[in-house]
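Data block below; observations after.
The values are calculated or read from the model by the stated rules, or taken from the named source; none is laboratory data. Keep in mind it's a predicted model, so treat the numbers as computed, not measured. Don't worry about glycine lacking a Cβ; one is built from the backbone with ideal geometry, like all the others, and counts go over all protein chains shown.
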Amino acid sequence: MAVFEKGVIFEGVDTADSSCWSLAAYQARGGYTALKKLIEAQTPQDEVIAEIKNSSLRGRGGAGFPTGLKWSFMPRSFPGDKYIVCNSDEGEPGTFKDRDIMWFNPHALIEGMIIAAYAMGVKRGYNYIHGEIFEVYERFETALDEARAAGLLGERILGSDFSFDLFAHHGYGAYICGEETALLESLEGKKGQPRFKPPFPASFGLYGKPTTINNTESFASVPFIIKDGASKFLEAGKPNNGGTKLFSISGHVNRPGNYEIPLGTPFATLLEMAGGMKDGKKLKAVIPGGSSAPILPGDVMMDLTMDYDAISKAGSMLGSGAVIVMNEDVCMVKALERLAYFYHEESCGQCTPCREGTGWLYRVIHRIENGLGRPDDLDLLTSVGNNMAGKTICALADAAVFPVRSFTKHFRSEFEYHIENKKCLVDHKWF
Amino acid sequence: MLEIEINGQQLTVETGSTVMDAANQAGVYIPHFCYHKKLSIAANCRMCLVEVEKAPKPLPACATPVTDGMKVKTHSELAAKAQKGVMEFLLINHPLDCPICDQGGECQLQDLAVGYGGSSSRYEEEKRVVANKDLGPLISTDMTRCIHCTRCVRFGDEIAGRMELGMANRGEHSEIMPFISKTVDSELSGNMIDLCPVGALTSKPFRYSARTWELSRRKSVSPHDGLGSNLIVQVKHNKVYRVLPNENEAINECWIADRDRFSYEALNSEARLTKPMIKNGGIWKEVSWTQVLEYVAHGLLDIRKNSGASEIAGLISPHSTTEEIFLFQKLLRAFGTNNIDSRIKQSDFSADSAYQGIPWLGQSIAEFSSLNSMLLVGSNLRKEIPLLASRVRYAVKHGASVATITAKDTQQYIKFKGKALVSPANFANTLLAVLHAVAQSAGKPLPASFDTKVEVTALHQEIAKTLLSGEKQVILLGAEAQYHPQFATLLAIANAIAELSGAIVSVPALAANSVGAWAVGAVPTDAGDNAVQMFAKPKQAYVLFNVEPELDTYNPAQAVAALSSAKMVVVCSAFKSAAAEQYADVMLPITPFSETAGSYVNTEGKLQPFNGVVKPQGDARPAWKVLRVLADVLELPGFAYDSAEEVRADALDAEKILSRLNNRLGDGFAVNGLSAVDSIVRHAEVPLYNADPIVRRAPALQATKDVAVPVAVVNPALAERMGLSAGAKVQVKQANATSSFELVIDSLVADNTVSIPAGHPATSMLGGYFDHVSLERV
């Protein structure tokens, strides 16, 4: 189910119309005018990058790194191949926004990538699509065909000297391939395992060449910025948190789905848009930015606005914008057990602390959930987590530890009750 | 240069160094598992986490580049906590089976657990169990012990040149495994055992036989290829239990080839000859040394008296020690014969009078790592000298280009830029065409003697271009060139190319002491017969030293025929053999390299002395002593040596060896007209575990896939022309010899070529390695 408020990506997209994704529909909405504008005016590359910087667009994949700054790291004068790569390997539990972008409005992404290629002097790009959404991958391929046929991709785009081609690639279902260097390894045909950094992809990326990797939503926001201007984008959000953002709401709400709203919108408003709490139950907790983001109690959330800075100040992160809402019937031990299992299964196995630690965390939580918890288990979880976080090549170990820390911090009494009484504090029901 | 402070100690390191490099330089030990100085950086074990000032998190020393002014603490609270945390993670799923683990006592995990591990475990869940893998006859696995450092994986990929192991699956389910139903077949695979920091990969032949602390470590030198890899031989109760590399950066770095490592099994085998024996009326009898030496002396004197000393020939293996070879030739010459040779597999001696020095590697071993371009002529280098091939591969990874002229594309794991797949009979004219192409490219005139008409194709030009592409160029003549009936021609053309291009000509020694043997005079002089002539013109008596002519000579059929009709055959050997029992009259048990003092001169001219590591088995005796006593029995003067060192001092001057090495030919050799040959010839490679008497008797090596399979291999075109299909029985005829083999069709073999390996009993009835051959369906 997809629900959209107006925003920079879904402005004018009628998701009920089965052809809303097509090139014709996109062009009717003003699509590709940004690209045409750049090409006709022969806008200097620096100006494009400056515009993105001015928009305060921050990476929509989870880390929130300023996109314009990232583009400026690309060594444009580097001789030989350079690449841009779109990270559509949307694997974070709770997140389902990139899927809808590619399903309902793929040309926004394609145009965004062409503009990025133009700005960074790149001739070849790849879109790495999550393996489980094959129908989306196929639609994206069709959209690429449309763009190629219309002279928007390939040699001498729109009759200019600028050439760029874009290819889609689908993964095979490993969460870790959403980590940008693991994605590059996978794209190269190798096992998807994160690379040690430095060197960073900007200097040593795909096939060892300079590479810029952005999230689907980041790229898809670009045409708006170029077409309507950085200031308009910035105005749509709040300072340092430019633009609108897609939030994927799931859990105990009446209308789960994607909502594209200005950054800085109060959580209470977002919850209301999603139809409020299902069955009128009480809000217990929210994971505001995908499963790796620390959980926050419901009352804390109700006072927050949905933007990078506010959520971060409250001790969590906006992440990918996946908002997982839990009501009073959820047992926090059970919820954490499920998350711990996910990270245990998805660790790539490369670094010792993550390979061994994720399983250990899961087993201790599993044991608490099953009435076999011991009094010192919470200290053990903290200690094992501390030995994992910040000790590995990529952030998966940290992502596995954040939920453990935040669940046991905000809902410690529930864990203690579980250990002592060998059962849930609440009469647990998922739905 | 960068300034860095480690634990308060100031030092200056090269730009580009890692913290680990700097710590090594400062003599500070940082615990680690996945890091290895010769492998790429994986940074996956996380054991080397250290505190770096201003960094919020501990950083892996192995992968963190030093920045100017960096301050590192390797034992601070932050660092120690991180290291202990990692150690705990490594141990939670590691079995506590040290008492039955072969790695016990030499286990990095065990050692570091003492310093960084807890006294008890906080992990009380079930431990992981991982199924073992069949990696072949050399490596034994206990995969539950694996800590996923991926050293073995990286070794295969980066050093051995072929990724035979990988880490499959994710997370806790990660497993090191070979490709499905494949084994690890690299000729360097044993190094993975050394690299494994735990007991996941251990030596299969050594398994459960001894503890490392029970073994003495003694230095030695490998008796196999010309590299002269430095060895640590581990012994207990006067028996060799295991062989490990002794690090020598200039020669074998920290590696050894599998045959250096696993051939020791032969030293303890049942096949050892441990008693002097004399054949009487077809029956072999054990006798005393006095009896056997008198018998030999009497026999030789008799033949000299009746037929002259020139009716005696001596063939000695270039795997023998310098001292043995020197005394062997000195004794025979003093006795009156010059029919002495050590070039046992060579067939073309026509340049003997033209050599300007002793053929050798042409440059140092280490220089092969930095060559820029190379032309291999008749060389399957990685099976000839595995670690030299590894250096070439290193050079290729750093941008060098290699071309090849070969009769069998043996997949060297190097991508060739220019590959001429031609029958051995066409090696010389192909190389000549390359010479013409080189002359054209270089715009220089051809030397007069090579100015014959030859067709230069695009392929020859490509090969020439590859060779000329680099600054440091090498033309290497491999086994198939060195044993080739036109070796002298090939060498002459290679020298001509070198003259035009500035390349170095390399004739690598294929045996441990090929250079040494030549240096101490084990080549015929004064019209003495060479290794082929001494069998082509049968003699009345032969003295065979460490050599098995039925397997080790160019034309085994001819050799065996001559030996069988000789009046007297004296065999000095460390091993018994069925063939020798047929043609020999007397067998003298001499010791292999492990039981005698001696030395080898390697292919770059380096003299490497060694001592015996164990006492001689049975009545076997160091051969230099046997020869010395035999000389006394024969009443020859000048043999009063009291030690191997005295013999060595008399035999050669180590300082002067290098000046005696030269691959050039003088005026004594001229190339005659060459033309393309389209008749069918044999291509015989000597598989690396069939190359000498020791490896042939090492059971584990004999169980590998590198052992000769006696089949006849032809390419599809030839098979079709002859109407032969795969699996058919074919009769192979060479001169008077005939054998039948199963036919295998493989497009990796050149046209008009029948590839049949040498060094195998089933092929010992055949003739010359690269001679004409006829094929018939049975």
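Remarks
- Check on B:L109, more than 14 Å from chain A (Cβ to nearest Cβ) and within 19 Å of B:M47 (Cα to Cα): no
- Yes/no for B:S189 being away from chain A (no Cβ under 14 Å), touching a Leu at 6+ places or on another chain (Cβ under 9 Å) and not in a loop (DSSP other than H, G, I, E, B): no
- Test: B:A623 is crowded, with 20+ Cβ neighbours inside 10 Å, at pLDDT below 95, over 21 Å from B:D260 (Cα atoms) and not hydroxyl-bearing (S, T, Y): no
- Candidates B:I176, B:I193: the one that is more than 28 Å from A:H366 (Cβ to Cβ) and among the aliphatic types (A, V, I, L, M) is B:I193.
- Hits in region B:203-229 (condition: buried (at least 21 other Cβ atoms within 10 Å of the Cβ) and either of a type in the set (S, T, N, Q) or part of a strand (DSSP E or B) (or both)): B:S203, B:S220, B:V221, B:S222, B:S229
- B:V153 out of contact with any helix residue (DSSP H, G or I) (no Cβ under 6 Å at 6 or more places or on another chain), surrounded by 22 or more Cβ atoms within 10 Å (Cβ to Cβ) and at pLDDT 95 or above: no
- Filter result for B:I100 (without any contact (Cβ under 8 Å) to a residue 60 or more places away in the chain and either within 13 Å of another protein chain (Cβ to nearest Cβ) or within 30 Å of B:S209 (Cβ to Cβ) (or both)): yes
- Residue among A:S203, A:S248, A:S221 that is outside any strand (DSSP E or B), small (G, A, S) and over 23 Å from A:E47 (Cβ atoms): A:S203
- Among the residues making up region B:111-123, those that are touching a residue at least 60 places away in the same chain (Cβ under 8 Å) and surrounded by 18 or more Cβ atoms within 10 Å (Cβ to Cβ) are B:L112, B:Y116.
- Here is the figure for region B:488-524: residues that are among the hydrophobic types (A, V, I, L, M, F, W, C) and under 21 Å from the mean Cα position of the chain (by Cα) total 10.
- Single match in A:G12, A:G7 (criterion: touching a residue at least 12 places away in the same chain (Cβ under 8 Å), farther than 26 Å from A:H170 by Cα, in contact with an Asp or Glu (Cβ under 6 Å, 6 or more places away or on another chain) and not hydrophobic (A, V, I, L, M, F, W, C)): A:G7
- Here B:Q83 passes the criteria (1) within 11 Å of chain A (Cβ to nearest Cβ); (2) touching a Gly at 6+ places or on another chain (Cβ under 7 Å); (3) not aromatic (F, W, Y) except the one numbered (2).
- Within region A:186-217, considering residues that are among the charged types (D, E, K, R) and over 22 Å from A:T67 (Cα atoms), the one surrounded by the most Cβ atoms within 10 Å (Cβ to Cβ): A:K191
- Hey, B:H94 in contact with a helix residue (DSSP H, G or I) (Cβ under 9 Å, 6 or more places away or on another chain) and within 12 Å of chain A (Cβ to nearest Cβ) or not: yes
- Across region B:698-718, the qualifying residues are those that are of a type in the set (A, V, I, L, M), surrounded by 21 or more Cβ atoms within 10 Å (Cβ to Cβ) and within 26 Å of B:F427 (Cα to Cα), and the one among them that is modelled with the lowest pLDDT is B:A708.
- Helices (runs of 4 or more DSSP H) wholly inside region A:318-431 containing at least 1 residues that are small (G, A, S), within 14 Å of chain B (Cβ to nearest Cβ) and without any contact (Cβ under 8 Å) to a residue 24 or more places away in the chain: A:352-369, A:377-388
- Residues that are within 30 Å of the chain's Cα centre (by Cα), farther than 29 Å from B:D619 by Cα and either among the polar types (S, T, N, Q) or surrounded by fewer than 24 Cβ atoms within 10 Å (Cβ to Cβ) (or both), drawn from region B:530-560: B:N530, B:V532, B:Q533, B:A536, B:N555, B:A557, B:Q558
- Taken together, B:G136, B:G105 contain a single residue that is at positive phi and surrounded by fewer than 16 Cβ atoms within 10 Å (Cβ to Cβ), which is B:G105.
- Within region B:343-372, the set of residues being under 18 Å from the mean Cα position of the chain (by Cα) and closer than 18 Å to B:V547 by Cα comprises B:R343, B:I344, B:K345, B:Q346.
- Residue within region A:366-388 that is within 23 Å of A:E185 (Cα to Cα) and either surrounded by fewer than 23 Cβ atoms within 10 Å (Cβ to Cβ) or not aromatic (F, W, Y) (or both) present: no
- Number of positions in region B:420-467 that are of a type in the set (A, V, I, L, M), buried (at least 19 other Cβ atoms within 10 Å of the Cβ) and not in a loop (DSSP other than H, G, I, E, B): 16
- Candidates are the residues of region A:229-238 that are assigned to a helix (DSSP H, G or I) and in contact (Cβ under 8 Å) with a residue 12 or more places away in the chain; the one that is surrounded by the fewest Cβ atoms within 10 Å (Cβ to Cβ) is A:S231.
- Summed over region B:247-276, residues that are part of a loop (DSSP other than H, G, I, E, B), within 16 Å of the chain's Cα centre (by Cα) and surrounded by 19 or more Cβ atoms within 10 Å (Cβ to Cβ) total 5.
- Selection count where residues are in contact with a Pro (Cβ under 9 Å, 6 or more places away or on another chain) and buried (at least 24 other Cβ atoms within 10 Å of the Cβ), scope region B:65-82: 1
- A:G192 within 14 Å of another protein chain (Cβ to nearest Cβ) and in contact (Cβ under 8 Å) with a residue 24 or more places away in the chain: yes
- Within region B:381-412, tally of residues that are of a type in the set (A, V, I, L, M, F, W, C) and under 11 Å from the mean Cα position of the chain (by Cα): 5
- Among the candidates A:S347, A:S383, the residue that is within 26 Å of A:E180 (Cβ to Cβ), out of contact with any Pro (no Cβ under 9 Å at 6 or more places or on another chain) and of a type in the set (S, T, Y) is uniquely A:S347.
- Selected residue (criterion: nearest to B:K133 (Cα to Cα)) from residues of region B:161-183 that are touching a helix residue (DSSP H, G or I) at 6+ places or on another chain (Cβ under 7 Å) and more than 14 Å from chain A (Cβ to nearest Cβ): B:E164
- Candidate set from region B:52-71 (those that are among the small types (G, A, S) and more than 9 Å from chain A (Cβ to nearest Cβ)); member that is farthest from B:Y35 (Cα to Cα): B:G69
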